[in-house]
Ligand SMILES: [Zn+2]
């Protein structure tokens, strides 16, 4: 049995037009290191307006998968739909309810928001309102909470229209939501309370944040006391519902939009020009799949080899891992913690490869907080080299990406897929 998380979000493709891609993505809860997968992509002049048109193909496809499982290599795998992870506007749209900033906008409880003339938004200052239930939702018992569009998601068997839509996604609710609002509020002075922070304040605050402990309960009550009811927006109110989501699904990590957000970014990068955006995305995806399939076959029997062109020397170590004597591809870390710039490579009489390189004289941490950067194989390096030595390719811990920093220094960052364990 595997359980899948579904993500639905809009993605503007150009700064200058309103065209948007709306991918429906999934990932597998049991395999958190697998990249998200596309289920379907909508493309249009605006966000999709008709939830039925947008979601019906998905619902029609997923119902048989949930009922019968899917067959992979002759094994039938049962599938469970775990939850929907979306940002607030997308959540409201796919559920067929009013927007998050409407008075009846809370997805989890029956709180009635009120308009604040001070902050010119709808605010939600009450606490402990009765929770919504799937049964009442399905019979449209929540009045103005429902829009005229009934979501086809209601046809999915076993889906809880309240509990299975998380609001506690830490990306949108915490980091980009409440935390960002507080930090900009303190810095710019638009949280009413203090006025603007000086740079001295910001430095002290930064030091304080580094030693911070997680806030306990009563955050919302304290928030009202400090800043006033006019700032209890939908995001602050939703903090009250984090506990419910975590009780239902476990760690916040597992209901996070981060894995989807990075995939959305990749999709956006597949669009190279203004026309036929959807076709571009689909073609690039198909090409990438084809390359991966071919790469899997090729990497099975790749042996290290040296390629020379004039003064250029490249050593191919394994699939998608090569170093060369050109400045950007020359840097590697050894198991003895030497940082080395490759100069040359030769084959010895047994057919093994010897690398010739110059270790740097001097390197240090690029940053010390919150942890020393060297723990992450990130270094600040002065461009003074010792005399040349030889290395075996098995001495390499990882290859670096070199980023120019000052005139005589560079910062080296590890290329993650080249890190060799042990
Ligand atoms: Zn609520």
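Residue 351 meets all of the listed conditions (1) free of Cβ contacts under 8 Å to residues at least 40 places away in the same chain; (2) more than 20 Å from residue 303 (Cα to Cα) but one, namely (2). Just to be sure, is residue 391 farther than 16 Å from residue 315 by Cα and in contact with a strand residue (DSSP E or B) (Cβ under 7 Å, 6 or more places away or on another chain)? The answer is no for residue 391. When region 329-361 is limited to residues that are part of a loop (DSSP other than H, G, I, E, B) and under 35 Å from the mean Cα position of the chain (by Cα), the one that is nearest to residue 318 (Cα to Cα) turns out to be 330. Do the conditions hold for residue 256, that is, is it modelled with pLDDT of 85 or more, in the same structural domain as residue 83 (by TED's automatic domain parsing), within 23 Å of residue 39 (Cβ to Cβ) and buried (at least 19 other Cβ atoms within 10 Å of the Cβ)? Judged against the criteria, residue 256 is a match. In the set (1) within 16 Å of the ligand (Cβ to nearest atom); (2) on the phi > 0 side of the Ramachandran plot; (3) buried (at least 19 other Cβ atoms within 10 Å of the Cβ), residue 169 fails one condition alone, (2). The requirement of being more than 28 Å from residue 292 (Cβ to Cβ), surrounded by 18 or more Cβ atoms within 10 Å (Cβ to Cβ) and within 34 Å of the chain's Cα centre (by Cα) is satisfied by residue 381. Filtering region 271-291 to residues that are in contact with a helix residue (DSSP H, G or I) (Cβ under 9 Å, 6 or more places away or on another chain), in contact (Cβ under 8 Å) with a residue 60 or more places away in the chain and part of a loop (DSSP other than H, G, I, E, B) leaves only 271.
Out of all the residues in region 12-43, which are farther than 14 Å from residue 256 by Cα and buried (at least 16 other Cβ atoms within 10 Å of the Cβ)? If the condition is that a residue be farther than 14 Å from residue 256 by Cα and buried (at least 16 other Cβ atoms within 10 Å of the Cβ), then 13, 19, 20, 21, 22, 23, 24, 39, 41, 42, 43 are the ones that fit. Based on this model, can you work out whether residue 404 counts as within 35 Å of the chain's Cα centre (by Cα), loosely packed, with under 13 Cβ neighbours inside 10 Å, touching a residue at least 12 places away in the same chain (Cβ under 8 Å) and not assigned by TED's automatic domain parsing to the domain that holds residue 210? Considered against the rule, which asks whether it is within 35 Å of the chain's Cα centre (by Cα), loosely packed, with under 13 Cβ neighbours inside 10 Å, touching a residue at least 12 places away in the same chain (Cβ under 8 Å) and not assigned by TED's automatic domain parsing to the domain that holds residue 210, residue 404 comes out as no.
The values are calculated or read from the model by the stated rules, or taken from the named source; none is laboratory data. Computed from a predicted model, the values in this text were never measured in an experiment. Positions of Cβ are backbone-derived with ideal geometry, glycine not excepted, and every protein chain shown enters the neighbour counts.
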